[in-house]
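Okay, structure first, notes after.
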Amino acid sequence: MATDTHTGKTGAAGAGAAHTLRRLLLDNGALSALVVLLVAMSLLSADFLTTQNLLNVGVQAAVTAILAFGVTFVIVAAGIDLSVGSVAALSATVCAWSATSAGVPVWLAVVLAVATGIACGFVNGALVAYGKLPPFIATLAMLSVARGLSLVISQGSPIPFPDSVSVLGDTLGGWLPVPVLVMIAMGLLTALILGRTYIGRSMYAIGGNEEAARLSGLRVKKQKLAIYALSGLFAAVAGIVLASRLVSAQPQAAQGYELDAIAAVVIGGASLAGGVGKASGTLIGALILAVLRNGLNLLSVSAFWQQVVIGVVIALAVLLDTVRRKAGSTPASGAPAAPGAPGSGRKGALKAGIAVVCVAAVVVAVSFFNSGSSGTTTKVGMSLSTLNNPFFVQMKAGAQAEAEKAGIDLTVTDAQNDASQQANQLQNFTSSGATSIIVNPVDSDAVGPGVRSANKAGIPVIAADRGVNKADTATLVASDNVAGGKLAAKALAEKLGGKGGIVVLQGTAGTSASRERGAGFAEGIKAYPGIEVVATQPADFDRTKGLDVMTNLLQSHPGITGVFAENDEMALGAAKALGSKAGKSVQVVGFDGTPDGLKAVEAGTLYASVAQQPKELGRIAVQNAVKAADGEKVAGTVKVPVKVVTRENVADFS
């Protein structure tokens, strides 16, 4: 009898544990989605479920999670904060500038950075609570203001981060990432504030019904000041952690991170209508985003399709949670359905069915878009600064053509001009056992830590188009941007006869390509005192922005005779703005030698383009990556020929 009773209890305990686990997964859509992703990625990639790679996922989730914890406070209170990415960049810039240029003690620089974040949040709260601005508008304005101030303070260039603070981006004992510890600490603080404090309870009350909260005696306006200030505080911490990882404060850092932060909060189960949200859900949401990006990199999924897959999976995760909430709602009578009732069985089947759909969607999408391994032992990872630019698209095409010819497995990723995302991609390549890595840096300083990690793992790194600072590379395959800038200055000045007024369109502030091309042009134009640079404005290497900026500059400088754009895309935008003047009364010189740029040169719309032959650059980079992987000696620098292409020689250019 005793034995029977013991067995029954054991069975009941086992059944209870299984039931608890089932309820935990089915009643938490975000957790179910995370488990699904972990299982799917583990099955699809042998490199995913390793200690090093899981730590990589934690590091890559850290900044988004810290930002999202702050945004959780705002969303629970039925608000929104679009400024956290810019506030993070501004706080990091203030810290770096204070400790270097201003010469204040490092501890005080950190305090100033945190105070900057709190001040930005306080202003957001004041605009919302007392200015009666919609949260979307108030924080959108702060997004622009904070980013602008970051660029003003840094003058568009990265600022080295203090070594004593950079330990926040390092590891403990050589393996435990400090950013993960900071993320956990901030998550616990968020849970404590939401669940154990007066301000936390106030957030739920305001989000549930602001008018009822006010009538209950809550000082809603003052509470909103505190809520947005908390969001600013968390943004400042995220900015410091991000800059520590990159060992520099990037004025353009964390662009678009506010959207990731909001997505993480919503995926984690919070409602944009307010009144619902928790720290654990937000953490799970941030991990889902990190697992997706990490896994898709490991699976060699096309950089273009990654955004599609990520968007689809995010939608499925939120859909699962939404349907779960509807299926789990109480009947009209108010009595909850019994576990064995017919309705509960259908609800359970519905939840399980949606979970299976999510699994199938992830597996099918990833398998379909996975380029697959060629089965070779040579695996080369290539991280490009952006694929939103014809120059780098051509570089990718040249690299892929050479990889196919050599029979190697080449994975190309898009850093989207985000130094932090590029650091993540280099980590992924290192942990997945790449035999060599090609990197086209977003910023030469910020890419250093990621390259050093590859150095420690014994993986040779090839720098393409731009060099890497404070780390070892097997070779640099590039044309000289500074020399190219000088050639552009000479070509434009000689075409103008050594006199006239010109405009310079700069690339994305903070990027090494923009700095180097601009510096070369400025140096070269000094030889022509009759040439005056009447205006210098950034257009972010973008054709549309080049069109808009040039249109605006023509209003104040209608008499210009020349334009130098730091890439062909901006040059083409400027030519469009100039209309019939382009190639006649106003000479335009671009940079890169892209197909569209060369067509414009042939048509006479552009006078010249400094051509770098991006396909050749990509091809040579892969060749050297294979040699380095095989242990062959490669030259420290490989120069790809650069020349000025005009209408006279464009037909000969290849």
Subset of the range 168-215, residues among the hydroxyl-bearing types (Ser, Thr, Tyr), touching a helix residue (DSSP H, G or I) at 6+ places or on another chain (Cβ under 8 Å) and open to solvent by 50 Å² or more (accessible area, probe 1.4 Å), comes to Thr171, Tyr204
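Within the range 60-76, identify whether any single residue is more than 24 Å from the chain's Cα centre (by Cα), among the hydrophobic types (A, V, I, L, M, F, W, C) and more than 30 Å from Gln223 (Cα to Cα), and answer yes or no.
Here is the first cut: in the range 60-76, the residues more than 24 Å from the chain's Cα centre (by Cα) are 76.
With among the hydrophobic types (A, V, I, L, M, F, W, C) added as a condition, the list becomes 76.
Add one more test, that the residue is more than 30 Å from Gln223 (Cα to Cα), and what stays is none.
No, the range 60-76 contains no residue that is more than 24 Å from the chain's Cα centre (by Cα), among the hydrophobic types (A, V, I, L, M, F, W, C) and more than 30 Å from Gln223 (Cα to Cα).
For the range 238-249, check the following and say yes or no: at least one residue is open to solvent by 20 Å² or more (accessible area, probe 1.4 Å), touching a Pro at 6+ places or on another chain (Cβ under 7 Å) and in a loop (DSSP other than H, G, I, E, B). Spell out how you get there, then give the answer.
Going through the range 238-249, the residues open to solvent by 20 Å² or more (accessible area, probe 1.4 Å) turn out to be 245, 247.
If we keep only those that are touching a Pro at 6+ places or on another chain (Cβ under 7 Å) as well, we get 245, 247.
Then drop every residue that is not in a loop (DSSP other than H, G, I, E, B), which leaves 247.
Within the range 238-249, one or more residues are open to solvent by 20 Å² or more (accessible area, probe 1.4 Å), touching a Pro at 6+ places or on another chain (Cβ under 7 Å) and in a loop (DSSP other than H, G, I, E, B).
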Complete set of residues in the range 146-205 that are under 20 Å from the mean Cα position of the chain (by Cα) and either under 19 Å from Thr72 (Cβ atoms) or among the basic types (Lys, Arg) (or both)
Arg147, Pro179, Val180, Val182, Met183
Regarding Gly500, is this residue out of contact with any Ser or Thr (no Cβ under 8 Å at 6 or more places or on another chain) and either farther than 22 Å from Gln394 by Cα or open to solvent by 10 Å² or more (accessible area, probe 1.4 Å) (or both)?
no
Report every pair of residues separated by at least 6 positions or lying on different chains whose Cβ atoms are under 8 Å apart, first residue within the range 62-88 and touching a residue at least 60 places away in the same chain (Cβ under 8 Å) and at positive phi, second open to solvent by 10 Å² or more (accessible area, probe 1.4 Å) and among the acidic types (Asp, Glu).
Ala78/Glu210
Here is a list of conditions, (1) touching a Gly at 6+ places or on another chain (Cβ under 7 Å); (2) among the polar types (S, T, N, Q); (3) assigned to a helix (DSSP H, G or I), and Ser580 meets all of them except one; can you say which number that is?
(1)
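Suppose we filter Ala621, Ala575, Ala628 for residues that are surrounded by 19 or more Cβ atoms within 10 Å (Cβ to Cβ), farther than 26 Å from Glu516 by Cα, among the aliphatic types (A, V, I, L, M) and modelled with pLDDT of 90 or more; which single one remains?
Values: Ala621 fails: farther than 26 Å from Glu516 by Cα; Ala575 fails: farther than 26 Å from Glu516 by Cα.
So the residue among Ala621, Ala575, Ala628 that is surrounded by 19 or more Cβ atoms within 10 Å (Cβ to Cβ), farther than 26 Å from Glu516 by Cα, among the aliphatic types (A, V, I, L, M) and modelled with pLDDT of 90 or more is Ala628.
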So is Ala78 open to solvent by less than 10 Å² (accessible area, probe 1.4 Å), out of contact with any Lys or Arg (no Cβ under 7 Å at 6 or more places or on another chain) and of a type outside the set (Lys, Arg) or not?
no
Cβ pairs under 6 Å, 6+ apart, first in the range 121-143 and under 19 Å from Leu67 (Cβ atoms), second in a helix (DSSP H, G or I) and open to solvent by 40 Å² or more (accessible area, probe 1.4 Å):
Ala138/Leu127
Collect the residues in the range 33-50 that are of a type in the set (Ser, Thr, Tyr) and touching a residue at least 40 places away in the same chain (Cβ under 8 Å), keeping them in residue-number order.
Ser45, Thr50
From the set of residues in the range 503-521 that are part of a helix (DSSP H, G or I) and among the hydrophobic types (A, V, I, L, M, F, W, C), which is farthest from Leu553 (Cα to Cα)?
Ala513
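What residue, of Gly458, Gly524, is open to solvent by 10 Å² or more (accessible area, probe 1.4 Å), in a helix (DSSP H, G or I) and over 16 Å from Ala415 (Cβ atoms)?
Values: Gly458 fails: in a helix (DSSP H, G or I).
Among Gly458, Gly524, only Gly524 is open to solvent by 10 Å² or more (accessible area, probe 1.4 Å), in a helix (DSSP H, G or I) and over 16 Å from Ala415 (Cβ atoms).
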How many residues, within the range 385-426, are open to solvent by less than 40 Å² (accessible area, probe 1.4 Å) and under 16 Å from Gln60 (Cα atoms)?
12
Given the condition under 26 Å from Gln252 (Cβ atoms), in contact with a helix residue (DSSP H, G or I) (Cβ under 8 Å, 6 or more places away or on another chain), among the hydrophobic types (A, V, I, L, M, F, W, C) and in contact (Cβ under 8 Å) with a residue 12 or more places away in the chain, answer yes or no: does some residue in the range 491-501 qualify?
no
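Per-residue answers, yes or no, for (1) touching a His at 6+ places or on another chain (Cβ under 6 Å); (2) at pLDDT 55 or above; (3) open to solvent by 40 Å² or more (accessible area, probe 1.4 Å):
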{"position": "Gly281", "(1), (2), (3)": "no, yes, no"}
{"position": "Val318", "(1), (2), (3)": "no, yes, yes"}
{"position": "Ser333", "(1), (2), (3)": "no, no, yes"}
{"position": "Pro342", "(1), (2), (3)": "no, no, yes"}
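Of all residues in the range 561-572, which are open to solvent by 10 Å² or more (accessible area, probe 1.4 Å) and either without any contact (Cβ under 8 Å) to a residue 40 or more places away in the chain or of a type outside the set (Asp, Glu) (or both)? Step through it out loud before you land on a result.
As a first pass, look at the range 561-572 and keep what is open to solvent by 10 Å² or more (accessible area, probe 1.4 Å): 561, 569, 572.
Thr561, Leu572, listed by residue number.
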Of residues in the range 597-649 being of a type in the set (A, V, I, L, M) and assigned to a loop (DSSP other than H, G, I, E, B), the one nearest to Ile459 (Cα to Cα):
Val634
May I ask you to say which residue of Val468, Val477 is aliphatic (A, V, I, L, M) and part of a loop (DSSP other than H, G, I, E, B)?
Val468
Among (1) modelled with pLDDT of 90 or more; (2) assigned to a helix (DSSP H, G or I); (3) hydroxyl-bearing (Ser, Thr, Tyr), where does Ser367 come up short?
(1)
Search result, residues across the range 36-53 that are crowded, with 20+ Cβ neighbours inside 10 Å and either β-branched (Val, Ile, Thr) or over 22 Å from Thr411 (Cα atoms) (or both)
Val36
Exactly one of Thr536, Thr544, Thr511, Thr551 is closer than 22 Å to Gln416 by Cα, open to solvent by 40 Å² or more (accessible area, probe 1.4 Å) and hydroxyl-bearing (Ser, Thr, Tyr), and that one is Thr544
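For Leu233, state whether it is open to solvent by less than 70 Å² (accessible area, probe 1.4 Å), under 19 Å from Ile137 (Cα atoms) and at pLDDT 95 or above. Reasoning before the result, please.
Details: open to solvent by less than 70 Å² (accessible area, probe 1.4 Å): yes; under 19 Å from Ile137 (Cα atoms): no; at pLDDT 95 or above: yes.
Against the criterion (open to solvent by less than 70 Å² (accessible area, probe 1.4 Å), under 19 Å from Ile137 (Cα atoms) and at pLDDT 95 or above), Leu233 does not qualify.
Any idea how many residues of the range 91-126 are closer than 10 Å to Gly232 by Cβ and open to solvent by 10 Å² or more (accessible area, probe 1.4 Å)? Don't jump to the end; show me each part of the working.
Taking the range 91-126 first, the residues closer than 10 Å to Gly232 by Cβ are 91, 114-125.
With open to solvent by 10 Å² or more (accessible area, probe 1.4 Å) added as a condition, the list becomes 114-116, 118-120, 122-123.
Here the count works out to 8.
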In this structure, is Gly546 more than 30 Å from Thr411 (Cβ to Cβ), touching a Gly at 6+ places or on another chain (Cβ under 6 Å), assigned to a strand (DSSP E or B) and touching a residue at least 12 places away in the same chain (Cβ under 8 Å)?
no
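If I ask for residues that are in contact with an Asp or Glu (Cβ under 8 Å, 6 or more places away or on another chain) and open to solvent by less than 10 Å² (accessible area, probe 1.4 Å), which ones from the range 54-74 would you list?
Taking the range 54-74 and keeping what is in contact with an Asp or Glu (Cβ under 8 Å, 6 or more places away or on another chain), we get 64, 67-68, 70-71, 74.
Of everything in the range 54-74, those that are in contact with an Asp or Glu (Cβ under 8 Å, 6 or more places away or on another chain) and open to solvent by less than 10 Å² (accessible area, probe 1.4 Å) turn out to be Leu67, Ala68, Gly70, Val71, Val74.
Has the range 26-35 got at least one residue that is at pLDDT 85 or above and either open to solvent by less than 80 Å² (accessible area, probe 1.4 Å) or touching a strand residue (DSSP E or B) at 6+ places or on another chain (Cβ under 6 Å) (or both)? Break it down stepwise before answering.
Going residue by residue through the range 26-35, those that are at pLDDT 85 or above are 34-35.
Next cut, either open to solvent by less than 80 Å² (accessible area, probe 1.4 Å) or touching a strand residue (DSSP E or B) at 6+ places or on another chain (Cβ under 6 Å) (or both) only: 34-35.
Yes, there is a match, as at least one residue in the range 26-35 is at pLDDT 85 or above and either open to solvent by less than 80 Å² (accessible area, probe 1.4 Å) or touching a strand residue (DSSP E or B) at 6+ places or on another chain (Cβ under 6 Å) (or both).
The values are calculated or read from the model by the stated rules, or taken from the named source; none is laboratory data. This structure is a prediction, so every number in the text was calculated from the model and none was measured. FYI the Cβ positions are ideal-geometry reconstructions off the backbone, even for glycines, and counts take in every protein chain you see. For accessibility, only protein heavy atoms count, side chains too; no ligands or nucleic acids. Shrake-Rupley method; radii C 1.70, N 1.55, O 1.52, S 1.80 Å.
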